[in-house]
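**Student:** Below are the structure tokens for one structure; questions will follow.
What follows draws every value from the coordinates through simple rules; no lab data is involved. These numbers were taken from a predicted model, which means no experiment stands behind them. All Cβ positions, glycine included, derive from the backbone under ideal geometry; neighbour counts span all protein chains shown.
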């Protein structure tokens, strides 16, 4: 790289020119924000560049991390467990000095619309911090716990509070996702039939909004 | 019929058109969008006496005055951006993550002396 190019990249907040190896599709949410900024007339002038209006949070960098985790064996004697998956996000792209202002986990399913597991059936979703062995960290309760009568195509969870300490440059984020068939007295279905909704699990991604160092300086000046 | 003579470009300080194409600088393989943008630049003179439309500072007014008296020792004020606007860039990082980043001060909207 020429010194000029290095210096320009640095001024754009990049330590080097990125070299993506197998880039995937652009997440629709990022396209929407990008297009909105380009096309809409903004009331009161230009959009604030250190605020993400779409999420109503401070920030100038929005990243979507793909999940690189694997499915875990269900081997434990938990008859109602439908799915157990390690969610692994490589956060090495975060740079020193960035401040996290929003973290949103998205779980996607293959359903095209609302999907009921079975009449009256409930699916329970739990998310744990993972231990180094990729299991729920012992002695700690779930980060998040939800019950669903209907699974939508996409479920969004705010992980901001949980990630305040976890999302940092050079760190990875490892979580364990469990979906199980909810307990109900007198259930007659087999465990597998009770899990029907969770079989459509498709993918997971993590959206992070951060405030870069330049924006933090600008905000403190203001 | 004879073509009309081209309009003489104004020599005064004002934004000039500059389109930056990311493929021209070899960044097309990691920047997803936009492919380029109208960045503009400031060009032109800040002559004595400075007209009101030149967005001049008091300092520039005095500098042009001194320049008119001593052209060798004191340069004319510079023509510089006085209002810039942000743009958003969508790109892939080294880990193939998709990043949307808002950058301040990327487009020259107004120039001044």
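**Student:** Would you mind getting me the FRET efficiency between residue A:80 and residue B:35? Use the beta-carbon distance for r and R0 = 45 Å, nearest 0.05. Don't skip to the end; give the middle numbers.
**Tutor:** Values: r = 51 Å, r/R0 = 1.14.
Using R0 = 45 Å, I get an efficiency of 0.30.
**Student:** On full extension of the chain, what length is gained from residue A:15 through residue A:57, given 0.36 nm per residue of separation minus the C-alpha to C-alpha distance?
**Tutor:** Values: separation 42, 0.36 × 42 = 15.12 nm, distance 2.54 nm.
Taking 0.36 nm per residue and subtracting the Cα distance, the gain is 12.6 nm.
**Student:** If one puts a single equal scatterer on every Cα of chain B and applies the Debye formula without solvent, what log₁₀ I(q)/I(0) results at q = 0.10, 0.14, 0.20 Å⁻¹?
**Tutor:** -0.48, -0.73, -1.00
**Student:** To continue, here is another question. For a Förster distance of 22 Å, can you work out the FRET efficiency between the beta-carbons of residue A:172 and residue A:152, rounded to the nearest 0.05? Before the final figure, lay out the partial values.
**Tutor:** Values: r = 28 Å, r/R0 = 1.28.
For R0 = 22 Å, the calculated efficiency reads 0.20.
**Student:** Counting partner chain Cβ atoms within 10 Å of every residue's Cβ in A:22-29, what's the average? Intermediate results must be reported in sequence, preceding the final value.
**Tutor:** Values: counts 2, 9, 4, 1, 6, 3, 0, 2.
Rounded to a whole number, the mean comes out at 3.
**Student:** Under a plain spin-label model, where a point goes 7 Å from the Cα along Cα-to-Cβ, how far apart in nm are residue A:26 and residue A:131?
**Tutor:** Using points 7 Å along Cα→Cβ, the separation is 4.3 nm.
**Student:** Most fluctuating residue of B:68, B:85, B:95 in a GNM of chain B with Cα springs under 10 Å: which is it?
**Tutor:** The residue with the greatest mean-square fluctuation here is B:95.
**Student:** By average Cβ neighbour count within 10 Å, what is the ranking of A:122-131, B:40-49 from highest down? If you can, show how the numbers build up before the last one.
**Tutor:** Values: A:122-131: 19.6, B:40-49: 17.0.
Descending mean neighbour count gives A:122-131, B:40-49.
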